[in-house]
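The values are calculated or read from the model by the stated rules, or taken from the named source; none is laboratory data. Keep in mind that what you see is a predicted model, and the values were worked out from it rather than measured. Because the Cβ atoms are built from the backbone with ideal geometry, glycine has one as well, and the counts that use them run over all protein chains shown.
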Amino acid sequence: MTIKGLSSGTESFDGSGLRILIVHARWNMQVIEPLVQGTIETMKQSGVKEENIVIENVSGSWELPFSCSRLIAASQRQASSTGVDLMSSAPLSALLNTVSPSTTTPPSSHSTSKRLTGPFDAVIAIGTLIKGSTMHFEYICEAVSQGLMRVGLDSNVPVIFGVLTCLTDEQALERAGIAQAGREEKAHNHGIDWGNAAVEQACKAKRWATGSL
Ligand code: RBF
């Protein structure tokens, strides 16, 4: 029994008009994969369309702040260019690589008409840092958390902190919702919280931008 965790708010949010970017690291993919899937499924339950979720991967968590920053800027450049969908033309298409979530059905061919091409409404940075025997963990955790905060404040785009900072493999598995032998408590996939936070922050940021409080 624990008192920790996120309470659901009183408001529900409609994600159907949102365009969301997920950038995930490839270190510790066994936990990254379910975290990304949990994030995607949750956002889809809030109405975010699959074709409006853009997924990019980078090598490690250290690369997350820079990559989020550049991808946000690219989406804003794309939005301000008139009449041309840069998403489908090189070299931007190589940068903004739309990937269909592997466990879901790919978007149908006519879905391209519904695909949003504007700036991202929120960005979710997903990584998993697991402490080793050197000081790397401490340096990377600190830099990545500071870096991601800075990206959000500098860009005015909500950045969701989807980075697990774990002392052990078991802690990482548990937070990715992977059940472990001998444990009675059901593991919780934190991707669910990140998906909900992204939709909420994106909707609120849009509302606040219009001066509506
Ligand atoms: N990246 C992660 O996302 N999670 C890790 O647990 C992780 N551990 C690392 C441990 C060491 C000793 C090193 C050198 C790198 C590690 N990285 C990890 C990769 C790091 O985020 C980055 O990709 C590389 O340092 C290249 O810039």
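Numbers at a glance
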read-out: Tally, over segment 2-25, of residues that are touching a helix residue (DSSP H, G or I) at 6+ places or on another chain (Cβ under 7 Å) and without any contact (Cβ under 8 Å) to a residue 40 or more places away in the chain; value: 0
read-out: Any hit, segment 61-68, residues being surrounded by 13 or more Cβ atoms within 10 Å (Cβ to Cβ), at pLDDT below 80, touching a strand residue (DSSP E or B) at 6+ places or on another chain (Cβ under 9 Å) and not in a loop (DSSP other than H, G, I, E, B); value: no
read-out: Residue match in segment 142-157 (condition: among the β-branched types (Val, Ile, Thr), modelled with pLDDT of 95 or more, in a loop (DSSP other than H, G, I, E, B) and touching a strand residue (DSSP E or B) at 6+ places or on another chain (Cβ under 8 Å)); value: yes
read-out: Qualifying residue in segment 40-55 (condition: within 16 Å of the ligand (Cβ to nearest atom) and not aliphatic (A, V, I, L, M)); value: no
read-out: Qualifying positions in segment 16-39 - in contact with a Ser or Thr (Cβ under 7 Å, 6 or more places away or on another chain), polar (S, T, N, Q) and within 15 Å of the ligand (Cβ to nearest atom); value: ASN28
read-out: Single unsatisfied condition, ARG207 versus (1) assigned to a helix (DSSP H, G or I); (2) within 24 Å of THR2 (Cα to Cα); value: (2)
read-out: Meets criteria (crowded, with 19+ Cβ neighbours inside 10 Å and within 20 Å of PRO119 (Cβ to Cβ)) for ILE55; value: yes
read-out: VAL199 vs. criteria away from the ligand (no atom under 16 Å from the Cβ), modelled with pLDDT of 95 or more, closer than 27 Å to THR2 by Cβ and among the hydrophobic types (A, V, I, L, M, F, W, C); value: yes
read-out: Residue in segment 171-183 that is within 14 Å of the ligand (Cβ to nearest atom) and in contact with a Pro (Cβ under 7 Å, 6 or more places away or on another chain) present; value: yes
read-out: Any hit, segment 3-11, residues being surrounded by fewer than 22 Cβ atoms within 10 Å (Cβ to Cβ), within 14 Å of the ligand (Cβ to nearest atom) and either assigned to a helix (DSSP H, G or I) or of a type in the set (S, T, N, Q) (or both); value: no
read-out: Some residue of segment 160-175 being under 20 Å from ILE53 (Cβ atoms) and not in a strand (DSSP E or B); value: no
read-out: Filtered residues of segment 154-213 (kept if acidic (Asp, Glu) and more than 16 Å from the chain's Cα centre (by Cα)); value: ASP154, ASP169, GLU170, GLU174, GLU184, GLU185
read-out: Residue under evaluation VAL123, criteria (1) assigned to a loop (DSSP other than H, G, I, E, B); (2) under 28 Å from SER80 (Cα atoms), criterion not met; value: (1)
